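K.L.:
Starting off with a structure, shown below.
The values are calculated or read from the model by the stated rules, or taken from the named source; none is laboratory data. Worth saying up front: this structure is predicted, and the values here are computed from it rather than measured. Neighbour counts run over all protein chains shown; Cβ positions are idealised from the backbone, glycine included.
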Amino acid sequence: MKILYHHRTRSKDGQHVHIEELTAALKRAGHEIVMVGPPGVDAEQFGADAGWIAVLKKWLPKFVYELMELFYSVLDYRRLKRAAERHKPDCLYERYNLFLLSGVWLRRRTGLPMLLEVNAPLYDERKKYNGIALDRLARWAEGAAWRGADFVLPVTQVLAERVAQAGVDPGRIVAIPNGIDPERFSRVPALDDAKQALGLKGRLVLGFVGFMREWHGLERVVDLIADSGDRRRHLLLVGDGPARAGIERRAQERGIAERVTVTGVVERDRVARYIAAFDIALQPEVVPYASPLKLFEYLALGRAIVAPATPNLREVLTSEDNALLFDPADAHGFAVAVEHLCIDAELRAHIAAGARATIERRGLTWDNNAARVVELFRRLGVDAAVVGVTG
């Protein structure tokens with residue numbers, strides 16, 4: 001099967017990971033991928049420095065930037081149409097973005113079977129955090145994109161409900177959560193070896209991976225460590241972000257700077273070696289519709305997870321089985337759950353074993369996700385025969 005994969009992603013973040021992992025899984029299954037993305041982003045790179053885009057977004061009036069996004073679809077449609085004419089794909093897979101309508105235009109014009117992957121309700125998200133100038137146009141564009149695909153693939157059931165509220169037939173909505181590549185996580189050191197490699201031998205490591213924001217509330221973990229009489233406890237933060245300075249300042253103020261490590265940005269292939277050193281993996285907050293990539297990495301490496309009992313996480317996590325969940329409405333719930341796991345080694349081991357078993361039991365891998373994508377295309381009448389692997 002030859003798949004035209006369409007996206008508007010330039011950044012090297014979780015979006016890039018999802019694109020790279022799913023297309024790699026489809027290639028492993030023997031299918032051909034034809035990539036169409038923003039100009040200057042090649043098929044091997046899957047992303048680029050979006051710095052100049054961020055500058056435009058910051059300095060241009062919102063309505064001008066939004067009109068530029070819509071105009072991008074016009075130019076992008078021409079590129080997408082040329083790619084379809086040249087490569088003659090069997091089907092179209094698109095990663096949704098707000099104001100990106102070129103994919104549904106191509107489907108309408110050519111009849112090419114189309115799947116639309118939706119990772120966030122971007123109209124709601126942007127309106128809440130950044131504001132939208134062309135409100136009615138943005139709302140229409142999102143609904144048109146969602147309703148224009150043959151199947152819509154949200155990453156959680158919570159998000160699936162939002163898609164259905166936009167008028168998409170529930171029979172055309174299939175939730176597919178994120179996953180992991182087991183091979184990528186099969187060559188990591190054991191817990192004690194991982195700690196020793198990081199200079200944390202003998203420590204009880206509380207760990208977090210990701211872009212650190214204020215709403216994560218990681219200062220609470222600094223306070224928990226400072227207030228504890230257990231000097232073995234150490235906070236390992238893998239990543240960077242706007243909350244970093246505040247966390248490091250709090251650690252200095254509480255006199256435990258030497259018990260807090262912030263790595264800064266880490267190459268993706270090295271992240272698993274840091275997670276392997278975690279005794280407890282922290283997911284202090286979560287966007288209510290998200291399928292966090294790091295959660296699946298925590299599960300794959302068998303970490304004892306602390307996370308909020310939100311509906312989207314409960315699609316994957318069960319308290320005291322593969323995680324210890326807390327009530328996000330309880331101001332002290334997170335700290336209480338972390339403290340519970342710190343002092344109960346037996347529960348940590350039980351949850352870690354449950355976490356590791358979850359990936360296989362639930363089939364939470366990119367290869368399984370790729371198989372589901374292929375099956376949906378088959379349901380649309382696409383011949384899913386293997387056509388060979390290309391770069």
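K.L.:
Which one of the conditions (1) closer than 17 Å to LEU115 by Cα; (2) surrounded by 14 or more Cβ atoms within 10 Å (Cβ to Cβ) does GLY381 fail to meet, given that it meets all the rest?
P.N.:
Just one mismatch for GLY381, condition (2).
K.L.:
Another question, if that's okay. Taking GLY255 as meeting all but one of (1) on the phi < 0 side of the Ramachandran plot; (2) out of contact with any Lys or Arg (no Cβ under 9 Å at 6 or more places or on another chain), write down the number of the exception.
P.N.:
If we test GLY255 against (1) on the phi < 0 side of the Ramachandran plot; (2) out of contact with any Lys or Arg (no Cβ under 9 Å at 6 or more places or on another chain), just (1) comes out false.
K.L.:
I'd like the residue in the stretch 117-140 that is under 18 Å from the mean Cα position of the chain (by Cα) and among the hydrophobic types (A, V, I, L, M, F, W, C) and, out of all such residues, is nearest to PHE151 (Cα to Cα).
P.N.:
So the residue we want is VAL118.
K.L.:
Next question. Is it the case that the stretch 243-251 has a residue that's crowded, with 21+ Cβ neighbours inside 10 Å, part of a helix (DSSP H, G or I) and assigned by TED's automatic domain parsing to the domain that holds LYS294?
P.N.:
Yes, some residue in the stretch 243-251 is crowded, with 21+ Cβ neighbours inside 10 Å, part of a helix (DSSP H, G or I) and assigned by TED's automatic domain parsing to the domain that holds LYS294.
K.L.:
Only one residue in ALA166, ALA194 is in contact (Cβ under 8 Å) with a residue 12 or more places away in the chain, out of contact with any strand residue (DSSP E or B) (no Cβ under 8 Å at 6 or more places or on another chain), in the same structural domain as HIS332 (by TED's automatic domain parsing) and of a type in the set (Gly, Ala, Ser). Which one?
P.N.:
On inspection, the qualifying residue turns out to be ALA194.
K.L.:
If a residue must be among the β-branched types (Val, Ile, Thr), outside any helix (DSSP H, G or I) and at pLDDT below 90, how many such residues does the stretch 28-85 contain?
P.N.:
1
K.L.:
Checking the condition farther than 26 Å from ASP193 by Cβ, of a type in the set (Val, Ile, Thr) and assigned by TED's automatic domain parsing to the domain that holds LYS294, which residue from VAL222, VAL262 passes?
P.N.:
Answer to the check: VAL222.
K.L.:
Could you check how many residues of the stretch 329-345 are of a type in the set (A, V, I, L, M, F, W, C) and in contact with a Phe, Trp or Tyr (Cβ under 8 Å, 6 or more places away or on another chain)?
P.N.:
3
K.L.:
Keeping to the stretch 299-309, report how many residues are crowded, with 21+ Cβ neighbours inside 10 Å and either farther than 20 Å from MET212 by Cβ or in contact (Cβ under 8 Å) with a residue 60 or more places away in the chain (or both).
P.N.:
So the answer is 6.
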